[in-house]
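> Here it is, the structure in full.
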Amino acid sequence: FEDVDLWLFCDGPKHQSGAPQLVLGVRGVTGLEITVYGPNRGLHSGHYGNWAPGPGWRLARLLATMKDDDGRVLIKDFYKSATPLTKADRKAVAAMPAIDGDLRWIFGLAETEMENAPLAERILLPALNLHGLKSAEVGAAAANVIPPTATASLGLRLVPGNDPDEMLDLVEAHIRRQGYFIVREDPDAKTRAAHPLIAKIARASGYPAVRSSIDDRAFAPLIAALRAAAGDRLVLAPMLGGSLPLYMFREASNAPIVILPIANFDNNQHAADENIRIGDLFDGVDAYAAALTMK
């Protein structure tokens, strides 16, 4: 890879304004599952309610200690290792089209986190997301039972400076501070008798974030070519909200990394009816033709 000038990747969405965007980095990712325990079997909620602790309540209280009502993560040192943005990064963010009001309307949100702070700023910070909860059943399958366990699946999005394992260490330390004894397997009877609060932690694999310098001269010909094709609509973004394992390319070569997305932002990525508009596909062909024929 000694002759590589830059790495060009095609993934992710165009800017939410519909404008083409050139992205200089991606977030990293990791995660974990937390299982907390109640009785060692399901118990009748009439016979044992108000006596046997419910794991769903325990899990809800634990999760509530991790994030405040405005969206700030409360885990100690969660934001500490993030690499500060450069002046050029902040300038690029400030120049991005203002789309938050439109997005709130499209997604049915009256407000967003941190007093409606811009999305372009929020994705430059590490994030803690709750992906799913599981305990007993709901709806027609619900039963009058105190279940034995409750499980939460958490995802962490990482930014430059965040080590995946160290970020999970912070989460585990927080759980311990709430009084929990951490195990890696389901607890036996002796462990249950010794510890009122038990949390089983299953860590997911992960990888770090990557961000190139927006001032890198290697990008100048590419930016010029794309602006010639798209005009002043081209958006320069320091980071993509999603994650890609591009750290491997950074380790293999010190060449800068850039992403040129082509999909529509409302393509239901990772959800039902994922799609791409034909017009965006053809716009992508034009963008890559400009990129691959740049001088």
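> May I ask you to work out the translational diffusion coefficient for the range 156-206 at 25 °C, viscosity 0.890 mPa s, via Stokes-Einstein with Rh from the Kirkwood sum over Cα pairs, reported in whole µm²/s?
Stokes-Einstein gives a translational diffusion coefficient of 199 µm²/s.
> How much of the DSSP bridge set in the chain is antiparallel, in percent, rounded to the nearest 5?
70
> Could you tell me how many cubic angstrom of Cα convex hull volume the range 17-162 has per residue?
160
> Counting helices only, and only those DSSP H runs with n ≥ 4, report the 222 nm mean residue ellipticity of the chain as the sum of -39,500 (n - 2.57) divided by its residues, in deg cm²/dmol to the nearest 500.
Calculated mean residue ellipticity at 222 nm is -8500 deg cm²/dmol.
> Which entries in the list LYS76/LYS200; LYS14/LYS295; LYS14/LYS134; LYS80/LYS190; LYS14/LYS87; LYS67/LYS200 go over 32 Å, if you measure between the two C-alpha atoms of each?
LYS14/LYS134; LYS80/LYS190
> Still on this structure, I have one more. In a solvent-free Debye calculation with one equal scatterer on each Cα, what is log10 I(q)/I(0) for the chain at q = 0.07, 0.12, 0.14, 0.15 Å⁻¹, listed in the order of the q values?
Scattering profile of the chain, log10 relative to I(0): -0.36, -0.88, -1.08, -1.18.
> What does the charge count around PHE107 come to, taking other residues whose C-beta lies under 11 Å from its C-beta (Lys +1, Arg +1, Asp -1, Glu -1)?
Neighbour charge sum, excluding PHE107 itself: -2.
> Aspartates and glutamates within cross-link reach of LYS91: Cα-Cα under 14 Å, excluding same-chain residues under 8 positions apart?
Hits, sequence-local ones excluded: GLU121, ASP215.
> A follow-up question, please. Starting from the Cα gyration tensor of the range 123-281, take the square roots of the eigenvalues, sort them a ≥ b ≥ c, and report rounded, prolate or oblate (rounded when a/c is under 1.5, otherwise prolate if a/b is larger than b/c, else oblate).
In terms of gyration-tensor shape, oblate.
> How far is helix 164-177 tilted, in degrees, relative to the longest principal axis of the Cα atoms in the chain, given as a value from 0 to 90 rounded to the nearest 10?
30
> While we're on this one: As I understand it, the value is the acute angle between the Cα axis of helix 220-230 and the longest principal axis of the Cα atoms of the chain; what does it come to in degrees, rounded to 10?
The angle comes out at about 90 degrees.
> Still on this structure: Would you mind counting up the charge near HIS131? Only other residues with Cβ under 14 Å from its Cβ, with Lys and Arg at +1 and Asp and Glu at -1.
Surrounding charge for HIS131 is +2.
> Compute the signed sum of charges (Lys and Arg +1, Asp and Glu -1) over the other residues within less than 15 Å, Cβ to Cβ, of ASP286.
+2
> Follow-up question, since we're still on this one. Give the range of the longest stretch in the chain that excludes all chymotrypsin sites (Phe, Trp or Tyr not before Pro) found in loop regions by DSSP and having at most 15 other beta-carbon atoms within 10 Å.
In the chain, the maximal stretch lacking such sites is 108-295.
> Something else about it: Quick one: LEU156, LEU125, fewest Cβ neighbours within 10 Å first, how do they rank?
By the 10 Å Cβ count, ascending, the order reads LEU125, LEU156.
> Mind checking the angle between helix 278-292 and the chain's longest principal axis? C-alpha axes, 0 to 90 degrees, to the nearest 10.
On a 0 to 90 degree scale, this one is about 60.
> Within 10 Å of each residue's Cβ, count the other Cβ atoms and sort LEU197, LEU236 from fewest upward.
Lowest count first: LEU197, LEU236.
> Direction-averaged shadow area of the convex hull around the Cα atoms of the range 76-159, nm²?
One quarter of the hull surface, i.e. the mean projection, equals 8.9 nm².
No value in this document is a laboratory result; all are computed from the given coordinates. Remember, predicted model here, so these are calculated numbers, not experimental data. Ideal geometry is used to build each Cβ from the backbone, glycine not excepted, and the neighbour counts take in all protein chains shown.
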